Amino acid sequence: MGVYQRDGRWMVYYFDDHEKRRDKSFGRGDEAYSKAEAFDQAMRSQKEQKASASLPSVQTEVKIDVSASKVVSEIDMCEITFKELAAKYIGHLQISGRSDNNISKLQKMIENQFNPLLGEKIVNNMTYLDDMVPFIKFFMSTNGNHGRPRAQPTINRYGDYVNAIFNFGVTTGLTNVNPMHGRRKSKEKPREIQLTIEDVKRIMDNAEEHIKWAMEVCFNLGTRPGESELLALKWEDIDFEQGTARIYATKTRSYRTVPINASLLEKMKCKKSESQSGYVVEYRGKNIGMIRKGFRMACRRAGITYPVRMYDLRHLFATVMLSKGADLAAVSKLLGHSMISTTTSHYYHCLEGEKERAIGLLPELV
């Protein structure tokens with residue numbers, strides 16, 4: 001038994017009652033991975049229970065124990081609250097290869113956002129209309145930590161996390177229902193990226209040295225900013241002979257190799273000789289956990305008035321290459337997308353003249 005990937009989909013292989021191998025697909029993405037892990041865990045537990053029940057010795061005692069265990073588990077299943085289920089889900093993630101940072105963020109989200117509204121509710125008594133609709137409406141009608149209304153992607157993400165917790169409960173047999181069943185995510189308005197190369201240069205001119213360096217690395221390698229990729233990049237991931245960076249994407253749990261241009265490679269050689277932490281981006285000899293605040297200050301000093309994020313550098317990395325005629329499949333690989341369709345849906349509009357060229361291939365009918 002085990003979890004594996006096939007064509008980007010999370011799969012579980014297991015053996016049925018006749019010891020015949022079966023493979024079950026759970027789809028793509030983090031939620032699919034959680035479902036696959038939970039299913040694999042459930043199948044392992046089932047196999048262990050069958051093995052215990054088949055032991056020839058002290059059959060009477062085994063019968064009593066299994067029966068008592070069943071009664072207890074049924075009581076627990078009926079009484080388990082959202083808070084208890086969420087805690088078990090966190091425990092599941094801790095042995096499933098998730099990063100400590102991701103687990104810590106989800107824990108805080110559960111404690112601060114979800115438990116105050118759902119924590120004491122018994123999951124099996126919850127329904128979509130009575131519990132989950134008010135839950136989603138609450139976040140739609142209240143402001144976030146910064147005093148601004150929550151964006152639709154944030155609300156959708158909250159729903160996705162809660163849905164994953166409920167799916168875990170059903171898959172592992174802790175609950176009978178997923179109260180999120182019936183939910184339809186609201187369509188998210190595409191975010192308009194206004195950042196230009198000229199504005200990037202202005203921001204860098206007004207940034208502290210470590211922020212400026214982080215921006216340069218992020219733009220030239222197309223990394224996801226933050227601890228997931230950019231701030232996790234170490235000098236051991238840089239191959240100076242081949243001129244490449246090996247980047248691990250926690251989102252897709254895969255490595256990708258990105259060529260480094262000659263100019264950046266020379267700067268990296270100098271930076272490495274001065275480095276004390278072993279990380280490509282550091283501050284005062286130590287690795288960094290977050291650079292959002294420093295980046296926002298640099299934007300303010302540069303007079304940037306429209307919304308901009310570090311992540312926009314990754315978008316700019318893709319759009320500049322595609323607008324200059326780069327191959328879509330190559331850009332998809334550089335971005336670390338598991339499917340080229342992801343790149344197409346986000347960046348096809350950057351392929352200047354492609355629709356016109358396609359129309360131009362049609363023959364004259366008259």
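The values are calculated or read from the model by the stated rules, or taken from the named source; none is laboratory data. What you are looking at is a predicted structure, and each value in this text was computed from that prediction instead of being measured. Heads up, the Cβs are rebuilt from the backbone with ideal geometry, glycines too, and the neighbour counts pull from every protein chain shown. The area values use the complete protein model at the heavy-atom level, side chains included, leaving out ligands, DNA and RNA. Shrake-Rupley method; radii C 1.70, N 1.55, O 1.52, S 1.80 Å.
Here's the yes/no breakdown for (1) open to solvent by less than 30 Å² (accessible area, probe 1.4 Å); (2) in contact (Cβ under 8 Å) with a residue 60 or more places away in the chain:
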residue: Gly226; (1), (2): yes, yes
residue: Leu233; (1), (2): yes, no
residue: Asp239; (1), (2): no, no
residue: Gln242; (1), (2): no, no
residue: Arg246; (1), (2): no, no
residue: Thr252; (1), (2): yes, yes
residue: Ala262; (1), (2): no, no
residue: Ser275; (1), (2): no, no
residue: Val281; (1), (2): yes, yes
Checked against (1) surrounded by 16 or more Cβ atoms within 10 Å (Cβ to Cβ); (2) modelled with pLDDT under 85; (3) of a type in the set (Gly, Ala, Ser), Ser345 satisfies every condition except (1)
Given the options Gly222, Gly303, name the one that is over 18 Å from Asn101 (Cβ atoms), in contact with a strand residue (DSSP E or B) (Cβ under 9 Å, 6 or more places away or on another chain) and in contact (Cβ under 8 Å) with a residue 60 or more places away in the chain.
Gly222
For Tyr33, which of the numbered conditions (1) of a type outside the set (A, V, I, L, M, F, W, C); (2) surrounded by fewer than 16 Cβ atoms within 10 Å (Cβ to Cβ); (3) at pLDDT below 75 fails to hold?
(2)
Filter the stretch 90-143 down to the residues that are of a type in the set (A, V, I, L, M, F, W, C), surrounded by 14 or more Cβ atoms within 10 Å (Cβ to Cβ) and in contact with a strand residue (DSSP E or B) (Cβ under 9 Å, 6 or more places away or on another chain) and list them by number.
Leu118, Ile122, Val123
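For every residue, the table says whether it meets (1) over 26 Å from the mean Cα position of the chain (by Cα); (2) under 30 Å from Phe114 (Cα atoms); (3) among the hydroxyl-bearing types (Ser, Thr, Tyr); (4) at pLDDT 95 or above.
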| site | (1), (2), (3), (4) |
| --- | --- |
| His181 | no, yes, no, no |
| Lys187 | no, yes, no, no |
| Asp199 | yes, no, no, yes |
| Asp205 | yes, no, no, yes |
| Ser228 | no, yes, yes, no |
| Gln276 | yes, no, no, no |
Look through the stretch 309-326, keep the residues that are at pLDDT 90 or above and charged (D, E, K, R), and return whichever of them is most open to solvent (accessible area, probe 1.4 Å).
Arg309
Being at negative phi, touching a Gly at 6+ places or on another chain (Cβ under 6 Å) and part of a loop (DSSP other than H, G, I, E, B): is that true of Thr223 here?
no
With respect to the numbered conditions (1) at pLDDT below 95; (2) touching a Ser or Thr at 6+ places or on another chain (Cβ under 8 Å); (3) hydroxyl-bearing (Ser, Thr, Tyr), which one is the sole condition not fulfilled by Thr244?
(1)
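Okay, residues lined up against (1) loosely packed, with under 15 Cβ neighbours inside 10 Å; (2) under 25 Å from Leu316 (Cα atoms); (3) touching a Ser or Thr at 6+ places or on another chain (Cβ under 9 Å):
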| position | (1), (2), (3) |
| --- | --- |
| Pro149 | yes, no, yes |
| Thr154 | yes, yes, no |
| Tyr158 | no, no, no |
| Ser186 | yes, no, no |
| Ala207 | no, yes, no |
| Leu230 | no, yes, yes |
The stretch 150-166 residues that are over 22 Å from Ala38 (Cα atoms), paired with ones that are part of a helix (DSSP H, G or I) (beta carbon under 9 Å, 6 or more apart):
Arg150/Phe139; Arg150/Met140; Arg150/Tyr158; Gln152/Met140; Thr154/Phe139; Ile155/Ile136; Ile155/Phe139; Ile155/Met140
